[in-house]
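A short reminder: the numbers here are calculations on the coordinates, not readings from a lab. Everything quoted here is computed from the prediction, not taken from an experiment. All Cβ positions, glycine included, derive from the backbone under ideal geometry; neighbour counts span all protein chains shown.
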Amino acid sequence: MPTSATGTSSSRLRHLAAGSRASGFTLLEVLVVVIIIGIITSMAVVSTRVLGGDHEMDREARRLQAVLGQAREDAMLEGRDVGLRIDALGYDFLRYDGRNERWEMVTEDPLLRERLFPDGMSAGLWLESRRVQLPERSLPNERAPASPQVVVLASGDLVPFEVRLERAGTEESRAIAGYADGKIEILADDENARR
């Protein structure tokens, strides 16, 4: 067995060097593992959103409930009827002008401004347990004056209604119901399913 000047065998050094190289990971192996972890993480995030509910739809339902509640309070304070005009893409509010005997769009109040639903979300309207065919979005004119589907009276009472928000491509929906006594609530999923 040949010995080097330091007194160790060169074959033993070669064996130690080869063993130390084989014990680490290459850059390619590390990159593959990082990519796999990234794919698994993104799948988990996507499935959490699907399984965890549609937060954007929840937010829109809460917003509509809050804006309708504020419109009811405004109607009582001002002594003027307020109307909700809704279509599949969004909604806006109207006030009744008693002098001219017609509904006018609310333009000066930022809370009651026109609102559009997020992409992929649409609405349906039920009055007296019947689905209402919603019109296409258009500006009012002399031939087709603005008229609301849901009226909030100056007394605080309102026309009973149900608005259902739906997301295209999913079974998920949210329902906002208004009752004659002025109460406005978001229905639980089981109440919404029974209707």
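Using a Förster distance of 35 angstrom, determine the FRET efficiency expected from the C-beta separation of Leu127 and Met43, and round it to 0.05. Could you put the intermediate results ahead of the total?
Values: r = 42 Å, r/R0 = 1.21.
Result of the calculation: an efficiency of 0.25.
Considering the alpha-carbon set of segment 25-182 alone, what are its Rg and its Dmax in angstrom?
Values for segment 25-182 (Cα only, Rg and Dmax): 21.6, 83 Å.
Which of Asp74, Asp109 has the fewest other C-beta atoms within 10 Å, and how do the rest follow up to the most?
Asp109, Asp74
Quick one: Ser122, Ser42, fewest Cβ neighbours within 10 Å first, how do they rank?
The fewest-first ordering by Cβ neighbours comes to Ser42, Ser122.
Below 12 angstrom from the Cβ of Met105, what's the summed charge of the other residues (Lys, Arg +1; Asp, Glu -1)? Could the numbers behind the result be given before it?
Details: positive: Arg85, Arg95, Arg102, Arg113; negative: Asp92, Asp97, Glu104, Glu108, Asp109, Glu114.
Neighbour charge sum, excluding Met105 itself: -2.
Starting from the 7 Å offset along Cα-to-Cβ, what nm value, one decimal, do you get for the label separation of Lys183 and Glu78?
Simple spin-label model gives 2.7 nm for this pair.
Taking the Cα-to-Cβ direction at Leu31 and at Arg113 and moving 7 Å from each Cα, how far apart do the two end points lie in nm?
The modelled label-to-label distance comes out at 4.8 nm.
Please compute the length gained on full extension between Arg59 and Glu142, using 0.36 nm multiplied by the number of residues separating them and subtracting their Cα-Cα distance.
Working: separation 83, 0.36 × 83 = 29.88 nm, distance 3.56 nm.
That works out to 26.3 nm of additional length.
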